[in-house]
Each structure stands twice: as C-alpha cells, then as structure tokens.
Amino acid sequence: DAKTTQPNSMESNEEEPVHLPCNHSTISGTDYIHWYRQLPSQGPEYVIHGLTSNVNNRMASLAIAEDRKSSTLILHRATLRDAAVYYCIDYGGSQGNLIFGKGTKLSVKP
Amino acid sequence: AAGVIQSPRHLIKEKRETATLKCYPIPRHDTVYWYQQGPGQDPQFLISFYEKMQSDKGSIPDRFSAQQFSDYHSELNMSSLELGDSALYFCASSSIWGSKANEQFFGPGTRLTVL
C-alpha cells in the first residue's frame, strides 16, 4: 500500500502558483520523496525528488518539512499543460518499484 | 533524447487468448519495470528486471510472465486473458548509474482491451 496521503483534487488558475501537499508520516530516514505526474493519456513522468533539503528544478520546487513527515510540490506558474494527476511517493531507492497512491488531480482554469 | 518505446500501442484480444507486450528501454538503462493501470485506477507495479534477472515482483497474476533479453528489451506475456486484464500497461526504465534517487522513465503504454 502507498505510504503517502494527498488531497484527491485541487484547482488552480492559470499563471498562479500551486502548492500540492503530501503527508508521509512513516517515512524512514533514508527514503526519498519522489513526485511524478501523469498527464491525460500518457505515462507517468518524473517531476522532482528530495531527501531533506528543499529542491528546485526546471519543472517545480519541492519543500520538505524539517521532520520529513510532509512535503509540498510547488508549481510556480501553473499552465494548462500542468493539468494532471500528481503522485507523491515515499521511495526506498535501490532500483525498487514505485508504489503509486491515489494522487492529486490538478485542474487548471484559464 | 530517446525515450522508452512500447509496442503495440493498442491491442484487442478475445477472452482466453494470449498477448505479448514489448518494451524497449532507454539506451544504457539496465532496469525495466512493468506497471498495470486499470480504468480509473492508479498504476500498480507488476514486475521488474535488472541486468536480465528478475529483481522484484508485485501483484502479477500467475498467468503473466515476463523476461528481459540480452539487448535489454523486455516482453510481458499474458495468457488466458480475462476481461479484467483490460488496462493500460506501462513499461519504465532506469539506470543504476543514474542519480541515487533512480528516476524512472515511462513509455507511452500499451492499451489492452479484452473482449
């Protein structure tokens, strides 16, 4: 079973920031927090990952709580193309598989 | 950049028939994963291979088998198909020599419909 919990859905307006929360209260000290997203009719796509420090890449930012029990994926300016299901995954690494939970369905309004 | 290739993209089969899905990982990726996504469901892990050896197994039915070949491509063989096998099947690949967090790169999927 997935070890993370996320809201079922969120809405955003185009060009506004979006904060997608995730709880992973049972995460172990060595597990990474991964975020993937799945656009309609496509395979999941890697977004970002982190361990302890906040992370930025060209797609998004990841803010990790100091106790690592929660994190927030930040899309700085949502576009219509960002409408997707976003999955937060507690990942143990070592070539292991991904355990997808329910994810958050993000809708972006023009 | 080269991506994961899956074939066929769409497949229609009758109950009790067999199906073979193929996956060609990104060049120099050594690990392949198979996931199943039923209608309205989230992806579920089936099986994975590292360097041509099975590395992990999830909720894969006994009617399914898979292997990874010397050129690293993988095939998922499905026999005695049931209506409930209708789903999207994704293949993903990764490299142990990539980042420590082991990002997986997904293919476009094969949509299997069992009638």
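The values are calculated or read from the model by the stated rules, or taken from the named source; none is laboratory data. Not measured: the values here are computed from a predicted model. Cβ sites come from the backbone with ideal geometry, for glycine too, and all protein chains shown count toward neighbours. Each accessible area value is taken on the protein alone, full model and side chains, heavy atoms only, with ligands, DNA and RNA left out. Shrake-Rupley method; radii C 1.70, N 1.55, O 1.52, S 1.80 Å.
Couple of notes before you dig in:
- Enumeration of residues in region B:46-73 that are more than 9 Å from chain A (Cβ to nearest Cβ), in contact (Cβ under 8 Å) with a residue 24 or more places away in the chain and among the polar types (S, T, N, Q): B:Q68
- When region B:72-105 is filtered for residues that are charged (D, E, K, R), closer than 25 Å to A:E45 by Cβ and surrounded by fewer than 14 Cβ atoms within 10 Å (Cβ to Cβ), only B:K100 remains.
- Selection within region A:1-52 - of a type in the set (A, V, I, L, M, F, W, C) and within 22 Å of B:Q104 (Cβ to Cβ): A:A2, A:L20, A:C22, A:I27, A:I33, A:W35, A:L39, A:V47, A:I48, A:L51
- Single unsatisfied condition, B:D85 versus (1) touching a His at 6+ places or on another chain (Cβ under 9 Å); (2) under 20 Å from A:I99 (Cα atoms); (3) away from every other protein chain (no Cβ under 13 Å): (1)
- Test result for B:S65, within 15 Å of the chain's Cα centre (by Cα), within 23 Å of A:I33 (Cβ to Cβ) and part of a strand (DSSP E or B): no
- Every pair of residues 6+ apart whose Cβ atoms lie under 9 Å, when the first sits in region B:16-30 and is in a loop (DSSP other than H, G, I, E, B) while the second is of a type in the set (F, W, Y) and open to solvent by 70 Å² or more (accessible area, probe 1.4 Å): B:P25/B:F105; B:I26/B:F105; B:R28/B:W97; B:H29/B:F105; B:D30/B:Y50; B:D30/B:W97
- Number of residues in region A:7-34 that are over 12 Å from A:S107 (Cα atoms), in a loop (DSSP other than H, G, I, E, B) and in contact with a Leu (Cβ under 7 Å, 6 or more places away or on another chain): the value is 1.
- Against the test of being at positive phi, modelled with pLDDT of 95 or more and surrounded by fewer than 21 Cβ atoms within 10 Å (Cβ to Cβ), the options B:R63, B:R9, B:R16 yield a single qualifying residue, B:R16.
- Only listed residue being modelled with pLDDT of 95 or more and within 27 Å of B:D30 (Cα to Cα), chosen from A:Y86, A:Y32, A:Y91: A:Y86
- Only one of B:P108, B:P39, B:P43 that is open to solvent by 10 Å² or more (accessible area, probe 1.4 Å), within 8 Å of chain A (Cβ to nearest Cβ) and within 19 Å of A:L39 (Cα to Cα): B:P108
- Flag if B:L76 is more than 12 Å from A:L98 (Cα to Cα), part of a strand (DSSP E or B) and either more than 10 Å from the chain's Cα centre (by Cα) or not charged (D, E, K, R) (or both): yes
- Every residue from region A:33-58 that is surrounded by fewer than 19 Cβ atoms within 10 Å (Cβ to Cβ) and within 18 Å of A:G103 (Cα to Cα): A:L39, A:P40, A:S41, A:Q42, A:E45
- When region A:65-84 is filtered for residues that are in contact with a Ser or Thr (Cβ under 8 Å, 6 or more places away or on another chain), open to solvent by 20 Å² or more (accessible area, probe 1.4 Å) and in a strand (DSSP E or B), the ones remaining, listed by number, are A:S70, A:I74.
- Residues located in region A:94-110, provided they are open to solvent by 10 Å² or more (accessible area, probe 1.4 Å) and either farther than 17 Å from A:T26 by Cβ or at pLDDT below 85 (or both): A:S94, A:Q95, A:G96, A:N97, A:K105, A:S107, A:V108, A:K109, A:P110
- Single unsatisfied condition, B:D42 versus (1) touching a Gly at 6+ places or on another chain (Cβ under 8 Å); (2) part of a strand (DSSP E or B): (2)
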